[in-house]
Every structure is written in structure tokens, then in C-alpha cells.
Amino acid sequence: MIIDHPLLGPRDAAEFVYLGDASLLDRPHWQDPEAMGKFYEYQYLRENPAGELRELWYHEQGDRSWLVVTRDTTTHAILCVELAREVARRQQVSN
Amino acid sequence: MSRQFRIGGGLVDPGRIVSFSFDGKSMQGLHGDTLASALLANGRRLVARSFKYHRPRGILSDGSDEPNALVELRSGAHREPNTRATVVELFDGLEAYSQNFRLSLNNDLNAVNDLLSPFLSAGFYYKTFMWPQKFWERVYEPLIRSTAGLGSLSALPDPDCYDKGFLHCDLLVVGGGPAGLVVALVAGRAGARVILADEDYRLGGRLNCESNSIGDQSGAAWAHQAALELALMDNVRLMPRTTVYGCYDHGIFGAVERKTDHLASSKRLPRQVLWRIYSRRSVICAGATERSMAFANNDRPGIMLASAVRTYCNRYGVACGQNVAVFTCNNSGWRTAADLERRGIRVAAVIDTRAETDAAPNVDARIIRQGRIVNTYGRKALSSIRLEDGERLPVDCLAVSGGWNPNLQLTCHHRSKPQWNAELATFVPGDSLPAGMAVAGAAAGVFHLGEILKDAAVVASTVLDELDLGEVDLQLEEAADTPYRIEPLWHIKSRRRAWVDFQNDVTTKDIEQSHAEGMQAVEHLKRYTTLGMATDQGKAGNIPAIAIMADLSGKSIPDTGTTVYRPPYTPVAIGAFAGRSRGPAFRPVRKTPSHRWAKEHGAVFVEVGAWLRAQWYARPGESHWRQSVDREVKATRNSVGVCDVTTLGKIDIQGAGSTTLLNHVYTNGFSKLAVGKVRYGLMLREDGIAYDDGTTARLGENHYVMTTTTANAGLVFRQMEFVRQCLYPDLDVHIISTTDGWAQFSVAGPNSRRLLQKVVDPETDISNRRFPFMGCAEITICGGFPARLFRISFSGELAYEIAVPARYGNSMMETLIKAGEEFEAVPYGTEALGVMRVEKGHFAGNEMTGQTTALNLGASRMLSTKKDFQGSVLARRSHLVDDNALGLVGLRSRDKKDVLRAGAHLLRQGVEPTLENSEGWISSCVYSPTFGCYLGLGFINRGHDRFGETAVAVNPIHKSEVSVTICSPHFYDPDGGRQRG
Amino acid sequence: MVELMLQREAFLGGVRRRFGSSELIEVTGLELVSVSFAENRRDELGQALQESEGLNLPAPGQSTVSSDGRVKLFWMAPDQLLAVASENRSNGGGFAAGARSLSVEVMRSLSRNAGFYTDQSDNWCALRLSGIEVIPALERICPLDLHDSRFPVGSVGRTVIEHLHTVIHRENGQQYLLLSTSSSAQSFLHAIETSLRNVTL
């Protein structure tokens, strides 16, 4: 697979490490009254769609950026690649 | 060389004679021959025995689709079985051997299988070899093993080397026939970066085999000229002898280039290169392959594909027979008759299955319309055929054309299905192709040469447009061709066997049986009969088989469908996939800075991940590792020892947000760690399981150096980057690995301070008062060399770790030992390191198994309640904080002489040694020279409450049951006085 | 007090080899300093380096050179650069002679502390490759597109070569500087040499 790094252009997926669903960006608050349930969901429950999925990839053999990749899990087509830092910022601002 | 079969002409070089041998018999061929064309030129018909029935077989085709003529090439360790004689470039000294016979090719004892054929039909192995059961291992299996398979391996290591590579292009053109050449010319002239790959050593595809003209040039001459023009373009890379075997995601293709297979010797260069080709666009110009027809005994030597017969005539100047008949259901078969007649080869008849044959070329031969062949004769070489009306026709070669199949495999590697074209009576590429792919020429179902050239130009134009490159006006000449007309005839019913898959010996009877037994879906048909599962992947037989099954099932061919197409298109040597990953080069090796010194001083090394670490240092006279390890432990505890600990991960952390980051990843607090101090930290996974531990030193206000375990260095760094970028995107903190940059040595023992005082420059006071336990500083040593000093102890002794830039590492080890001479300092390795840490009771990797928690490890008090940290919430899950939870304990054998082993289960005294009664296990175990007995660390339910209890360590593998005392894991200096002194 | 001295050793012993008309040498005299910065102080850093060294900040995939040619900055990550210079007493080529040493302290003061510095001189081993066999050799092991149009002179790429993380910099026409982690230096050398050998006829 090729991942189109937003700054470096297309790179072979072999340069990356896959972590999982980008929902890992939304880490619950430890003092939330429902913290246990929320962390359980955060850690273990996934939608796992046959279709578009936002995923976290780490450019370990490149610039060590974390990326959010929107990929169709049935066709492997990659629709969008963003710096995870920027996605995280946006999400934290809106929260 | 047989004059009668060499007719001259073609693209071979009559001036260059090549000597080769087949089954030990010397023969001659010409430069430009394949092994197949040379064998045919020498009149060799019988070249192989079929897989199951061991029937005599000859060459069927002229390309990589060849199912019969599989030979073993070369000898000794270079021997390679199952090589298609049709694609082997002849070279001087080539040795080839037929395969799959017992006794000789000519007199194969296993031919008895042919008589047993009623018992060897489809799925026979599901129904036979079952009784009596004890015969399976002793009789049936050895028998099957000796007869199974085609060819044999040398069983010697492959002496050749292989390589891999990466290529980038705008456009990958697969296939260098007329379509591929046109696409490459158009794209090349427009300035695109083009790669043109073809299996053959010579570009041109079927232009080199047919008698078509393009303009006023022969097809072959036109191809040659096109290739020359392409070779001169800097932006075009021609890759002959290269098979594009697979289409992967996002324009990535796999290709194997044969570099030296056509040479007598590889001269130590890589024999083949496996390329990963990155393309923005691709055009598949892979052409089409002819198929046969199924009729009684259609597999005899001398029965060949019609296109192959004319290839041997036109390209190689070889007559496949002296009295040839053509059997066809379409117009293209007639071309064989026309080409042979033009070269003076006798054509006995053109037998066309159709009533109407307009638009077929003119031939002089006798024409039989609505003809059917009902049997053939000549066991080791075709001698005659029988027609439906009873006539027996003497022929020594039968050229069969059942129609043409576009080579669309690559278009279906992304699971798209091809679509049936009734007019062409074949499958053509489906509607949904892999992204960026187009198809042109015969592969797209365009069979007329003139149309092929136009089609290729149009496709190329579209691709250039998509690539945003300019237009190119290609002046295409006219090319005439026989119009393609076909009335498919899949099989002629007979009570005799008619072959569909030649290589796996699958006949129409097998298909009928499969259908009768309920295996009607194509995927079932395939696996039940093994049709299409041979090395030719069903290129000849799949479509007729589908048609026959459709007929039997009363379904249409498109409704019956095809099986899934998967890479590789043709077989690829495993060595090519392995590339350089063999032997010591299998993966990189990481060496510590003092590796050379260690080697020179008797170190025995152990692999720790990619690292080599000194396990112990053998002194002359020491023959057993315990002698070395026990000595190292005693010497270190009595005086001083030095150990290279460079491999532990070191992460440099800087920025105002450093403390925040540390507080997030560690369970314990780091806010109050003063500059110049070191603190031990525990890390959990987010699910609350213990993950890693280490010490973090604060070298400055906003500067820390964290250590991790060796194994987790990369993973912890990855996790910290995740925390930094994804959870705290605006935090001002920066991390970088410095594991390789600092050579780090543990200096441990009561004399460690004295040793270091000889090395550390006088400006730094390392007395106990000025540099207490858990202190750190940036210092200089040996007259100004930069270094870092940390006072931490893994052994429990007074100890330090000293770090210098890695390029000084080897010298530093030497210097420390030299400075330590007066204290009889010893180097110590990972074994002694392990003994001392178990004696001290530190948990390590064996205890952090990925299933144990801080509670299990006895480290609950390290979990801060005042802050969030990785794993804080899920660590408190009820089942993890259960009262009965495992607790880390120390274990001592009650009898000093008893041997304890890690992995032993811990059970209460007096209970039966069963798994249900297991309450824990020994995780680490060492012989302690300090205590003169075996010591273990382990886990047992409610361990913290059971000190003093006697338990039993049960080890069924070594058949031992040892009484042990459960105690605190801190055997040695439990109050820590020694390390604080 | 015993006189104790430390010797510095090159990771690959200063290896120098020829393959066909191409050359491979270990560059031993490099000073490498990693420069990290907070995004909101990026411009400040850029300005400081511009004023003191005539150094611009490089764009992704690029490098920049100081006005006197002694120092290069490699783009390593969105918030990280690698400063590369020859040492004072080095014999490594590629920069103008008499380069001023770029220690961490010097970098810190040059940039008025608008950045975080970590010495990386011993973290990497460096090989310089030059000649016509270099690109065919790199094609065997480097997944990056090194074509002129994609990797012009001055380019910097980080990738994986034979399982080893590598920084590759095009110094000029057919000359490349490769950095890989020092502990696996010998494996790295082996990978490069095997490639050159495999393409040298």
C-alpha cells in the first residue's frame, strides 16, 4: 500500500506501523464519573466497518509522525491522510 | 541436428551453434532457440511423463503456459525442477533432464498408473488408502510420497544469490508485443517515465511468431525497430526476461527479472531480481493464450497448439512434424496451415469443426468441414488420428486451436471477475479494474493486429491525459490480419479419456464425476479434481473446464463463473522472494560499542532482539558457563565488575512539557524530581498491565534522560510519540532516541567508587555525600572527555552507570578494566547481571509477561492516586485487584542441593500435581553463588501473605518436585544498605 | 593516578572501497546535532539561524546550507532538524575546510535558545557514495524515488534500507550521503556493499 504523507508525498506502507482505529485519539478523562466504562470502550470496543475507517499509522521508518489515514477496508483505497497532531488539535478544540 | 526438422529462417542464428544435452544425450541447437525448439529440431517428441498416469507427453505450446514439457535444468546444487522447456533460453553446455518417471523416460514403470486410471479419478484420495489404518504410515504414505509431485529437488542449499529492488515509473506496460510497444512508444515520446516488461528475452510478443506485416515490414522487423527506438529513450526502461507476476495495491506490481538463467554461469551475480514496481498508471498488454479442445486421447506427443506449431516454424525455423494436420474451431488455426505450406511443410488436412469457414486464409491442403476427431494413435509419438466418419488419417503432428483466451490475470488480482464475451467465446477483463489500470490489445479481447495497434494508441492517449502529459501523434501503419471467427467446441464426447488439464492429468470424466458428486461450483470443481492447480495455473484448461461444467449443470458459462485469480502469474522461485534474507544477513545485527573488546576477552554472545550482548566472559581454563558466571558474580559483589548496558533504550526528553509527559507515561510522580536526581519509573499499558520500567534522570530544568528495557526501547519511544503528538498536541516537549549514541557501562561493587574516582575528572566529587544514591550529573572524564554519571544499582551493590559518546565505547571498556586492575575488576555479562538482579529481587521481563499488573509485581504503591497516567483507570478493574491476585515472591529450595527451574508450577504441599491445583509459577531462576543454592522469583496467589510457607515447585518436563520456601523476593541486602553506602 | 586516555574509533574503521567506477567511504568527521522546536517558536529559530549563520530552515524533504557552506540543516520531522557539519579537525569531505565546530552549546547560543539540542554525532554512522553505480545499487535497497524529478540535489529522505532506518541526502549529481544508526553500522555497510557488488559488472 502507498500512504500519501501530507508533507512527504507517497510512501510505501512498509515504512509505517499500524496502530488501529483513530478513536484512540479520544482518550476519556480519568476523573469522569463513568471513567471505567468509557476507558473500557476506548480500549476494547470498535466499530470495525467494512468500508471507510479512520486509522492511526506511525511513520516509524520516516519522520516519526503519527498520521490519521482514512482508508476503505474493503478496497484499500486511501481517501485522506492527515497529521494526527492536527486532527488531535481540532478534536480537542471542539471538545 | 536433424535436417528434416530444421527448415531454416526465423529469428535464430544459423551461424552460432549451441551444444546441450537432454537426458545425457548430446544435441545441438542454434543461438536464439529455446530448449523446446531445439528438442523439436532434433526430432525429440517424448519429453515428459504426465503427473498421475505417467502418460508419454510432448511439447504442447511455445510459451510460459506450457503444461507438459517440464524438465530439470542443470545439475548438483543448481538443479531446478519443473522448468518449462518452452521458455528456457538455450546456452552452451545446458544440461536438461526429463522428470517424473521410474526407470527411464522411455520405459516408465509408473506407466502402470495409466492402466489403473479408473481407480485414480477425481477425489480418489478421499476414498482410498483408508484401510487398514496401520497401513497408512508404513505403506501408503511412503508410496505416495515417492510417486507424488513432479521433479525432485537437489536437497542442497541454493548456491545462487538473489536480490530485490524498487522501481518507480509513471507508466508500467506489461507485455512487449504489438500493443505494449505502441503504448510504450506513445508514452515514451511524450516524456513519461515508462517501464516496459516482457517475459521473453526478445520484445515483440507474437509479432516474432506470426507472419503478419506492419506497413511494409514484417512484424518482427517492426518490433525490432520499435525496441531500438525505446532503448534509446532515457525515460524508458526496457525489462526483457521479466515477468510481472502480481498486481498489488495502489499501483504496486511485483516482477521477477531473470538475470543469469540464460547464461552458463551466474558469476556470483544475483540470478534473479524481485522488483517492486511503483506505478502511477499501468497498461496490461499481456496478449492472449491459445487453448486446446478436449477429445479422446488428445494428449499424445505431437499434439500441439496450432499457434505453437507456427511459432516454431516462423520464429525458430523448426518443423514440428512432416505430415501435419490442423484441427480448429476458429479462423486462427488456418494460419498454421498457411504458414507451414509457405515453408514447404506438408499439411495433411485442415479439419474445421464448423460448417462455414469464410474469411479463413487460403490453403492448398485438403479441407474437412464439420470435422470431429474421435481418437488418436501412437503412444510415444502421434502416428495417426481417426475422424468421426471412421477415416484414419496418418499424421505426425496435430495442430489444435480451440480459441484464444486474453491473459487477464493481472486485471483480476483485486478480486474483480472477468466477463464472458460470447462473440469471442472467451473471458475478457471485467468492468472494475485495479485503480490506475487499463488494458490494451489481445488482453482486452482485441485480436486483429490492425485493431490492436489502434487500440493501444487510444489507450496510451487516455493514460497520457490522466498523467497530465502532452499528446503524441503516432503514425501507425496499416496491418492486415485474419478476422477472428469462432464457434467454440469444448469437447467431443467419448468413452475414452479426453484431457482438459494436461499437467494435473484431469479429464472430462473427472469433471463429470465432480458434477455427479455434487462438486459443481467452480471453486469445488477446482479443488476436487485439482484442475487448474498445477504450475501452469490452468492457463490451457480452465475455460474449457468451466464450459463443460456449465454444460453439465445446464447453466451459462458466465453464470458458472471463474475461480479467483491470485499472484504469481507464473511460478517464482522462493529464493527470489527471500532475496538477501538468508544466513547471517537475514536481519541486521546491533553491536554494543565494547563488542570488539568483549570478543577479544573471551565473551560468549547472546542474541537479545537484534543486539549481541556478552553473556559471560570465559577465562582460559573455564569450560562450563557456570564457572564464568559464578566467578563474575562473586568478583562483582566482593570488589567491582563492569558490564556494557548500552542496549537499554535511552530517550532524551526536553522542553517545558517534559514533566507532564513523564507523569503521563509513568505510574509514579515525577513533578518533584530535582535536577541531578534519578527516579525509577513503572509504565503500564493503557489496559492496566505492566509494560516497562526504567530510570529517568533529570539533567536540567527541562531536560531528562529516560531509560527503558532493551526489548521495549523502540516500542516505548513509539508510545511516547503517540502521547506527545496525539494526546498532547500542543505540549512543548521533544524526544529523541540516544540509545546508540551513548556507550553505557554499569560499574558495580564495593570498589566501584574507587575505580571511578580514577577515571572521573577531579572537578566532580563523587563521594557518597556529594553524589548520593539516585544522583546524576554531566561530567568529564580522563582529562576532559564528556560523560554522564548515574548512581543507580540493579545488582544491589554500590553501583553507577557511566556513559560516554559511543565512539569512545570500546576504549572506555578497556580503560575501566585497566583502572580496575588494582581491584581485580572483572567484566561481567548478562548472565551475572541476571543472577544479581534475582538475588536483589528486581522484577524484569520474565515477570512483566504482558499479563501481570503492578499489584502482581508488588508495586501497587507506585500507582499514584493524584494524577492521570497511562493505564490508571483500567488497572483498577475489579478482576485485576482481586484479593486472590498473584503476588511476586521469592523462592528458595529447602534443600540447597535441589535444582529449581523457571517455568515450574507452584502448588500447595500435599496436593495432587495437576493443573487445577497450580497456584503460580517460577518466572526467573538462577543459581546464586552468593547464597550457594538456587533462587527463584515467581508468582503465587496471595503471594504477599504467604511468606514463610512451604510450597512445591512441580516440573513435569524435568520430572522434579522440589520443596520451596516462599519469601520476600529481596534476598540480598533487603534494607539496601550496600547500594546506599 | 594512572594516565588514562580515551581513544575514539570510527564505527566502520574509516572504510574506503571501489566498485567499478564508484566509491564508498565512511565519513568520520561529522558533527550532528538534532534541533527540535516548538511550532510557535519556529520563525524565531529561523530568524536567529538566518542572522548568525545565513541558514534558512529547510522544507520537508529538503536541506539548506549556510552561506559559508560549512553547515547544513536536514529536515527530519515537522518539528525537528538535523544540523550537519564537519568537525574542526575532521578529514571528512563535503564541506568547506576549517569548519567551526557545532557543539550543542554553540547551537544553543546561535539560536538564542529557540530550540532544543541533542548531540547525535555518535548515534549515526555515515557513508558517502559517488559514481555511476550508485543509483543502480540504491535501486536494490531504497524504496524512495531517487529520480532527478523527485530527488534533486539537496534532497533529504528518511526511509528503511534492509530493515535499517536510514537518512539519505543527495550532495550533488551522483554523490549521496547516507546515515544509519551506529550500532548496526556493519550490517548497514554490508547492505550497501552487496548492492554495489551486485550491480558492478
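The values are calculated or read from the model by the stated rules, or taken from the named source; none is laboratory data. Just so it is clear, the structure is predicted and the values come from calculations on it, not from any experiment. Backbone-built Cβ (ideal geometry, glycine too); neighbour counts: all protein chains shown.
Before moving on, here are some points about what is shown:
- Of the listed requirements (1) of a type in the set (D, E, K, R); (2) under 30 Å from B:Q851 (Cβ atoms); (3) surrounded by fewer than 18 Cβ atoms within 10 Å (Cβ to Cβ), B:D765 misses just one: (2).
- One residue stands out among those in region B:698-710 that are part of a loop (DSSP other than H, G, I, E, B) and within 16 Å of B:L682 (Cβ to Cβ): the one that is nearest to the chain's Cα centre (by Cα), which is B:T709.
- Residue check, B:V604 over 17 Å from B:L648 (Cβ atoms) and more than 10 Å from every other protein chain (Cβ to nearest Cβ): yes
So that you can scan it fast, the table gives a plain yes or no per residue for (1) modelled with pLDDT under 95; (2) more than 30 Å from B:G344 (Cα to Cα); (3) surrounded by 17 or more Cβ atoms within 10 Å (Cβ to Cβ):
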site	(1), (2), (3)
B:M1	yes, no, no
B:D33	no, no, yes
B:A41	no, no, yes
B:V87	no, no, yes
B:S104	yes, yes, no
B:L109	yes, yes, no
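- Of all residues in region B:546-561, those satisfying the criterion of being out of contact with any helix residue (DSSP H, G or I) (no Cβ under 6 Å at 6 or more places or on another chain) and either surrounded by 22 or more Cβ atoms within 10 Å (Cβ to Cβ) or part of a helix (DSSP H, G or I) (or both) are B:D551, B:S553, B:P558, B:D559.
- Remark: B:S918 matches the filter, which requires a residue to be more than 30 Å from A:P28 (Cβ to Cβ) and in contact with a His (Cβ under 7 Å, 6 or more places away or on another chain).
- One residue stands out among those in region C:47-76 that are of a type in the set (D, E) and closer than 16 Å to C:S111 by Cα: the one that is nearest to the other protein chains (Cβ to nearest Cβ), which is C:E53.
- Search result, residues across region B:869-924 that are surrounded by 15 or more Cβ atoms within 10 Å (Cβ to Cβ), under 16 Å from B:A690 (Cα atoms) and aliphatic (A, V, I, L, M): B:V873, B:L874, B:A875, B:L880, B:A885, B:L886, B:L888
- Candidate set from region B:688-725 (those that are among the basic types (K, R) and within 23 Å of A:L56 (Cβ to Cβ)); member that is surrounded by the fewest Cβ atoms within 10 Å (Cβ to Cβ): B:R718
- All conditions but one from (1) free of Cβ contacts under 8 Å to residues at least 40 places away in the same chain; (2) closer than 19 Å to B:I557 by Cβ apply to B:V506; the one that does not is (1).
- Looking only at region C:1-46, and only at residues there that are farther than 30 Å from C:G131 by Cβ and loosely packed, with under 15 Cβ neighbours inside 10 Å, the one that is farthest from the other protein chains (Cβ to nearest Cβ): C:D43
- Test: residue in region B:878-897 that is in contact (Cβ under 8 Å) with a residue 60 or more places away in the chain, closer than 21 Å to B:E632 by Cβ and more than 14 Å from chain A (Cβ to nearest Cβ): no
- In region B:865-981, counting only strands (runs of 3 or more DSSP E) that sit wholly within it, the ones holding 1 or more residues that are under 26 Å from B:G796 (Cβ atoms), of a type in the set (S, T, Y) and within 47 Å of the chain's Cα centre (by Cα) span B:920-928, B:933-941.
- Selection count where residues are within 10 Å of another protein chain (Cβ to nearest Cβ) and either in contact with a Phe, Trp or Tyr (Cβ under 8 Å, 6 or more places away or on another chain) or not basic (K, R) (or both), scope region B:712-726: 10
- Looking only at region B:682-708, and only at residues there that are in contact with a helix residue (DSSP H, G or I) (Cβ under 8 Å, 6 or more places away or on another chain) and polar (S, T, N, Q), the one that is nearest to the other protein chains (Cβ to nearest Cβ): B:N702
- Of the residues in region B:268-281, at least one is within 14 Å of chain C (Cβ to nearest Cβ), under 22 Å from B:Y569 (Cβ atoms) and of a type in the set (G, A, S).
- Residue satisfying condition, being surrounded by 14 or more Cβ atoms within 10 Å (Cβ to Cβ), part of a loop (DSSP other than H, G, I, E, B) and in contact (Cβ under 8 Å) with a residue 24 or more places away in the chain, within set B:C169, B:C161: B:C161
- The condition of being without any contact (Cβ under 8 Å) to a residue 24 or more places away in the chain, of a type outside the set (G, A, S) and on the phi < 0 side of the Ramachandran plot does not hold for B:D468.
One line per residue, one yes/no per condition, for (1) under 21 Å from B:L449 (Cα atoms); (2) free of Cβ contacts under 8 Å to residues at least 40 places away in the same chain; (3) surrounded by fewer than 18 Cβ atoms within 10 Å (Cβ to Cβ):
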position: B:I195; (1), (2), (3): no, no, no
position: B:S218; (1), (2), (3): yes, yes, yes
position: B:Y245; (1), (2), (3): no, no, no
position: B:H262; (1), (2), (3): no, no, yes
position: B:K267; (1), (2), (3): no, yes, yes
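- Listed here are the strands (runs of 3 or more DSSP E) enclosed by chain A that have at least 3 residues being more than 14 Å from chain C (Cβ to nearest Cβ): A:17-21, A:52-58, A:66-72, A:78-83.
- Lone qualifier among B:R619, B:R590 - being modelled with pLDDT of 95 or more, within 12 Å of another protein chain (Cβ to nearest Cβ) and either on the phi > 0 side of the Ramachandran plot or out of contact with any Lys or Arg (no Cβ under 7 Å at 6 or more places or on another chain) (or both): B:R590
- B:N330 more than 21 Å from B:N68 (Cα to Cα) and either surrounded by fewer than 24 Cβ atoms within 10 Å (Cβ to Cβ) or of a type in the set (S, T, Y) (or both): no
- Residue within region B:384-395 that is of a type outside the set (K, R), buried (at least 22 other Cβ atoms within 10 Å of the Cβ) and touching a helix residue (DSSP H, G or I) at 6+ places or on another chain (Cβ under 8 Å) present: no
- Number of residues in region A:37-75 that are modelled with pLDDT of 95 or more, of a type outside the set (G, A, S) and out of contact with any strand residue (DSSP E or B) (no Cβ under 7 Å at 6 or more places or on another chain): the value is 9.
- Counted as qualifying within region B:30-137 are the helices (runs of 4 or more DSSP H) with 1 or more residues that are touching a residue at least 60 places away in the same chain (Cβ under 8 Å), namely B:35-41, B:112-115.
- Count of region B:247-267 residues which are within 14 Å of chain A (Cβ to nearest Cβ) and of a type outside the set (F, W, Y): 6
- Qualifying residue in region C:168-176 (condition: closer than 25 Å to C:F37 by Cα and either of a type in the set (A, V, I, L, M, F, W, C) or in contact with a Lys or Arg (Cβ under 9 Å, 6 or more places away or on another chain) (or both)): yes
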